[in-house]
Amino acid sequence: MKKVLVLLVAITMVITLFAVRPLGVNAAGFKDVGSDYWAKDQIDYLVSKGVIAGFSDGTFKPEDPVTREQFAKMICIAKKLSEYKPTTPTFKDVPKDRWSYGFIEAAVKAGYIKGYADGTFKPANSITRQELAVLGLRVLGKSAEAEAFKGEPIVWANDWKKIASWAAGAVTLAYRPDIQILTYHMKEGTVDPTMAATRAECAYAIYKIVVPPQAGGQVVIAQTQEPDALMSFATSMMAQRNIAMQYEDGLIMEFPNGTLAPRMALNVPNFKDGTWTTFKGPDGKTWMKTTYYLRKGVKWSDGVPVNYEQDIKFAVYDIYLSGKIEQIPSTDPYDKIDKIEFPNPYTMVVTWKDTTPYANAGLPIYPKHFWSQVPLEQITSSDLAKKPIHAGPYKIEQWVEGSYISLVPNPNWFGWAGSKPLIQRFVYQWIPDTNTMLMNVLAGKVDLTLIGLGIKEAQQAEKIPTIKVQRIPSTFWEHFEINTTDPILSDVRVRKALAYGIDYNDLNNRVFLGQRTVMYYPYIGLFNEFYRNPKAVLPKYDPAMANKLLDDAGWKMGSDGYRYKDGKKLTLELSTTTRQDRKDEAVVLQAQLKKIGIDIQTKFLSASYFFGTYTTHRMFQLAMFAWGGDPLDPGGFTLYHSSQIPTEANGWQGQNYPGISDPTLDDAIYKATHEVDPVVRQKNYYIAEQRIADLVPQIGLNLWTDIYTPKKGLAMAGFDYVMSSSIGYTYNSELWYWEKK
C-alpha cells in the first residue's frame with residue numbers, strides 16, 4: 001500500500017496546504033479551544049476538576065501567558081492546598097493584601113516555589129518555560145535528581161543551548177517519558193526556555209503532575225502490510241517506517257511537520273552559525289562543508305558504545321556506496337560526499353563535492369561491529385536481518401514472518417535520562433484484510449491500527465466508545481505508476497488517454513465517500529505552494545479527449561466496446577495490494593476505463609512482494625499504491641531522474657519505476673533537488689513539474705486522509721500530528737503510555 005520516499009528534509013519552508021485543521025466541537029464549551037487543539041483533553045479534565053476555568057466571554061485564551069502568581073494558584077488548587085496567610089510575608093513584593101498572597105505562601109510552605117536572591121518573587125512576571133520545568137519538578141519531588149543531572153540537556157531542540165545552567169536538569173527531566181510536563185514547539189523545533197509559558201502549556205504541565213504517566217502494559221498494533229525488510233537502507237515500505245521509528249535513531253530527527261532537530265547530534269548545521277558553508281572546489285564548482293557536534297555516551301541496543309567515525313563511515317561507504325547491497329532505494333545525496341573527517345571523536349566535518357539542500361539532515365549510521373559479522377552481499381538475507389540492532393528507544397525482540405514483530409524497551413537508549421520506559425512491549429500484527437482488521441478492532445484485540453482501516457471501516461469503528469478515530473490529512477498520494485517502456489504505454493497519447501478517462505471525483509465518492517482530496521498537480525508540487533507550478537496541471541476527466549487521443553494513437557473502437565490495433569485488444573494489467581479499498585478502486589477504474597474502450601485486468605499481490613520485488617523490478621504495466629514524503633520539501637530526484645531507474649545492473653536502486661527518461665526533466669529535477677538557493681530550486685521545480693504533466697509517467701488519483709484508531713486510554717504525549725507524512729505515526733512512541741485517571 002503505502003511506500004515512503006527516500007527523501008531527506010531540506011531548509012524549512014512554510015507549509016500551506018494543510019496549515020491547520022478546521023476546528024470542530026470545542027473543549028469544555030470554550031470557543032477558542034477546538035476539538036483538535038493539542039491540549040484539549042488536559043484542559044477539559046482540569047476544568048472538570050475545578051482546577052482551571054475560562055473567561056466570561058466563553059473563551060479560555062489558551063495562548064495567553066501565565067504569571068508566576070497565577071501558576072502558584074493553579075498548583076495549589078491542583079494539589080488541594082488551602083491558602084496559607086502567615087503574619088510575616090516571605091517575599092517583599094508579595095504583601096499580605098495581594099490577591100495571590102495566600103496561594104503563594106501555601107506553595108512556599110509546601111516547598112513548591114522559591115523566590116529570587118534579592119528576596120522577591122516577581123509575582124506579575126510571566127512564568128517562563130524553564131521556570132515551569134523547575135517548579136514542576138519541585139512539585140513532583142524531583143528537584144534533587146534534576147540538580148544532580150550533568151552534561152548537555154537531553155532534548156530534541158535547536159535552541160537547547162539557551163537553557164540556563166540552573167534549569168538544564170529540570171528541562172531534561174521535564175521531557176522524560178515518566179514526567180512529560182513540557183512539549184516541543186514543532187514549527188521551529190525548539191524548547192524556547194525563556195519564552196512565557198501559555199495557559200495551555202501550564203494546564204498540560206499540571207495535568208501531567210496530577211495524572212502522571214504510568215509504566216506498564218503492551219500495545220498491539222495492526223497493519224495490513226508486513227515489511228519486506230527491517231533495515232531502512234533496504235526498503236521503501238511505510239510498513240517498515242513505523243517500526244523503524246521505534247528501534248532506529250539517528251543524528252538528526254524530523255518532526256511530522258518537516259522541521260529538523262538534533263538527536264544523536266547536538267546541532268543541525270546551518271549557514272547562520274557557520275556550521276554549513278559553501279566554497280569553490282578544485283573542479284571550479286560550488287562545494288560545501290557541514291559540521292556536526294555529536295552527543296557523548298550513546299550506545300547501540302546491545303550495549304556497545306557508538307563509534308561515530310567507524311559506524312558512520314561504514315554506513316555511508318560500505319552500505320550505501322559500495323554497490324554490494326541490492327535494492328538500496330537511493331544513494332543520493334551520499335554519493336555527493338567527498339570526505340568525512342573527525343578532528344576529534346565527537347566532531348564530524350563532511351565535505352560535499354556538489355551542492356545539496358539535504359546536507360544538514362545527518363548521515364546514516366549503522367553498527368559496524370554487528371553487520372560486519374557477515375559479508376556485505378549477505379546482509380539482507382542473513383539471520384542478522386531478522387533481529388537487527390540500532391540505537392532507538394525500543395529494540396527488536398522477535399520477528400515471526402507472516403505473523404508479528406515485537407519490540408521491547410532498549411535499556412541502553414541515550415534518551416531515557418534516568419527514567420524507565422513506559423510501554424513494555426509493542427506487537428505489530430499483519431492483518432491484510434481490512435474487514436478482518438475491523439473485527440479485531442471491534443473485539444478489542446488491537447490497540448491501534450496503522451496502514452489499515454479504510455474510510456468505510458472507520459465509520460463502523462467510530463461506533464466503538466473506547467476507540468478514537470483520527471482522520472489526518474496526509475502527504476500520501478494515491479496514484480498508479482505507468483511503465484513507460486511497455487510497448488503500449490510508451491505512447492504518451494495512451495498515457496494521457498488513461499488520465500483523461502478517469503472520473504476522479506466519482507472514484508473518490510464511491511470508494512472513499514468523498515473524504516479524500518482530488519488534486520491536479522504533479523506530486524512534487526502538492527504540499528508547498530512556493531514550489532508548485534500553477535500552470536503544470538495534470539489531465540482532468542474528459543472522456544472525449546481520451547477517445548480522441550486513442551483514435552490518434554491507432555486504437556480503434558471495436559463492436560464489443562473495446563479498442564483494437566493491428567488485431568490486438570487494448571488490454572492493460574493494473575496491479576496493486578490486497579487491501580479492500582484498493583480492490584474497490586480497481587473495480588471502479590476498470591468500469592470507468594471500459595467506457596473509453598480499455599480492458600483493465602487486475603492483479604492483487606501481497607504487500608511485501610508487491611513493494612519488495614514487483615515494483616522495484618518494474619514487472620508491471622500499471623502499479624497502484626501511494627507515495628508519501630516530507631510535507632515541506634518536494635524532493636523527487638529518486639522518482640524522476642533517469643539515473644534512478646531500477647535495473648539489474650544497478651542492483652535495482654532508485655524509485656523511478658515508470659522508467660521515464662527525459663533530458664529536460666533530468667536537468668530540472670537534478671537542479672531542483674541539489675541546489676540550495678530556494679529561488680533556483682523553485683525555477684527548476686516549475687520546469688520539472690511541467691515536463692511531468694506533459695509526459696504523464698504517473699496518474700494521481702487522490703490525496704489520502706490517513707485513518708488511525710488508537711484506544712482512548714493510549715496517551716500520546718501531546719500528540720500534534722496535523723499532517724501524516726513519511727516520518728511515521730510512531731515518531732514519539734517512547735512517550736506513549738496507558739493512562740489511568
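The values are calculated or read from the model by the stated rules, or taken from the named source; none is laboratory data. Model, not experiment: these values are computed from the prediction. Cβ coordinates were reconstructed from backbone atoms using ideal geometry, including for glycine residues, and neighbour counts include every protein chain displayed. Ligands, DNA and RNA are excluded from the accessible area calculation, which covers all protein heavy atoms including side chains. Shrake-Rupley method; radii C 1.70, N 1.55, O 1.52, S 1.80 Å.
In the range 425-479, how many residues are without any contact (Cβ under 8 Å) to a residue 24 or more places away in the chain, open to solvent by less than 10 Å² (accessible area, probe 1.4 Å) and either touching a His at 6+ places or on another chain (Cβ under 8 Å) or assigned to a loop (DSSP other than H, G, I, E, B) (or both)?
Looking only at that region, the number is 0.
Under the condition of being out of contact with any helix residue (DSSP H, G or I) (no Cβ under 8 Å at 6 or more places or on another chain), of a type in the set (Val, Ile, Thr) and surrounded by fewer than 19 Cβ atoms within 10 Å (Cβ to Cβ), which residue from the range 299-350 is farthest from TYR394 (Cα to Cα)?
VAL349
Would the range 155-170 turn up any residue that is without any contact (Cβ under 8 Å) to a residue 24 or more places away in the chain, within 26 Å of GLN42 (Cα to Cα), crowded, with 21+ Cβ neighbours inside 10 Å and touching a helix residue (DSSP H, G or I) at 6+ places or on another chain (Cβ under 9 Å)?
Scanning the range 155-170, I find at least one residue that is without any contact (Cβ under 8 Å) to a residue 24 or more places away in the chain, within 26 Å of GLN42 (Cα to Cα), crowded, with 21+ Cβ neighbours inside 10 Å and touching a helix residue (DSSP H, G or I) at 6+ places or on another chain (Cβ under 9 Å), so the answer is yes.
If only one of GLY151, GLY115 is of a type in the set (Gly, Ala, Ser) and in contact (Cβ under 8 Å) with a residue 40 or more places away in the chain, which one is it?
Values: GLY115 fails: in contact (Cβ under 8 Å) with a residue 40 or more places away in the chain.
Going through GLY151, GLY115 in turn, just one is of a type in the set (Gly, Ala, Ser) and in contact (Cβ under 8 Å) with a residue 40 or more places away in the chain: GLY151.
Does the range 569-582 include one or more residues that are open to solvent by 30 Å² or more (accessible area, probe 1.4 Å), closer than 25 Å to SER726 by Cα and touching a Gly at 6+ places or on another chain (Cβ under 8 Å)?
yes
Within the range 384-400, does at least one residue satisfy the condition of being open to solvent by 70 Å² or more (accessible area, probe 1.4 Å) and of a type in the set (Asp, Glu)?
Looking through the range 384-400, none of the residues is open to solvent by 70 Å² or more (accessible area, probe 1.4 Å) and of a type in the set (Asp, Glu).
So if I check each of ALA544, ALA497, ALA553, which one is open to solvent by 20 Å² or more (accessible area, probe 1.4 Å), over 30 Å from GLY258 (Cβ atoms) and among the hydrophobic types (A, V, I, L, M, F, W, C)?
ALA544
Of all strands (runs of 3 or more DSSP E) completely enclosed by the range 207-296, which ones contain at least 3 residues that are open to solvent by less than 20 Å² (accessible area, probe 1.4 Å)?
Here the list reads 218-223, 260-262, 286-293.
Considering only residues that are of a type in the set (A, V, I, L, M) and farther than 18 Å from ARG582 by Cβ, which ones fall in the range 605-662?
LEU632, LEU639, ILE645, ALA649, ILE660
Those residues that are outside any helix (DSSP H, G or I) and hydroxyl-bearing (Ser, Thr, Tyr), I need them from the range 498-524; list them, please.
Here is the first cut: in the range 498-524, the ones outside any helix (DSSP H, G or I) are 501-503, 513-522.
Those that are outside any helix (DSSP H, G or I) and hydroxyl-bearing (Ser, Thr, Tyr): THR517, TYR520, TYR521.
Based on what the data block shows, is GLY136 modelled with pLDDT of 95 or more, within 19 Å of VAL51 (Cβ to Cβ) and either open to solvent by 20 Å² or more (accessible area, probe 1.4 Å) or of a type in the set (Gly, Ala, Ser) (or both)?
Here the answer is yes, as GLY136 does meet what is asked.
Say we look at the range 543-598 and pick out the residues that are under 41 Å from the mean Cα position of the chain (by Cα) and in a strand (DSSP E or B); which of these is farthest from ARG495 (Cα to Cα)?
Selected residue: THR577.
Tell me, which residue of the range 317-350 that is of a type in the set (Val, Ile, Thr) and within 25 Å of the chain's Cα centre (by Cα) is modelled with the lowest pLDDT?
Looking only at the range 317-350, we keep the residues that are of a type in the set (Val, Ile, Thr), and these are 319, 325, 328, 331, 337, 340, 347, 349-350.
Those left that are additionally within 25 Å of the chain's Cα centre (by Cα): 319, 328, 331.
Details: ILE319: 96, ILE328: 85, THR331: 92.
Among them, the one singled out is ILE328.
Residue by residue, here is whether (1) more than 23 Å from the chain's Cα centre (by Cα); (2) at pLDDT 95 or above; (3) farther than 23 Å from VAL427 by Cα; (4) open to solvent by 20 Å² or more (accessible area, probe 1.4 Å) holds:
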site	(1), (2), (3), (4)
GLY629	no, no, yes, no
GLY635	no, no, yes, no
LEU639	no, yes, yes, no
SER643	yes, yes, yes, yes
ALA649	yes, no, yes, yes
TYR657	yes, yes, yes, no
ALA717	no, no, no, no
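Would you confirm whether or not the range 276-287 contains a residue that is under 27 Å from GLU188 (Cα atoms), free of Cβ contacts under 8 Å to residues at least 40 places away in the same chain and not aromatic (Phe, Trp, Tyr)?
yes
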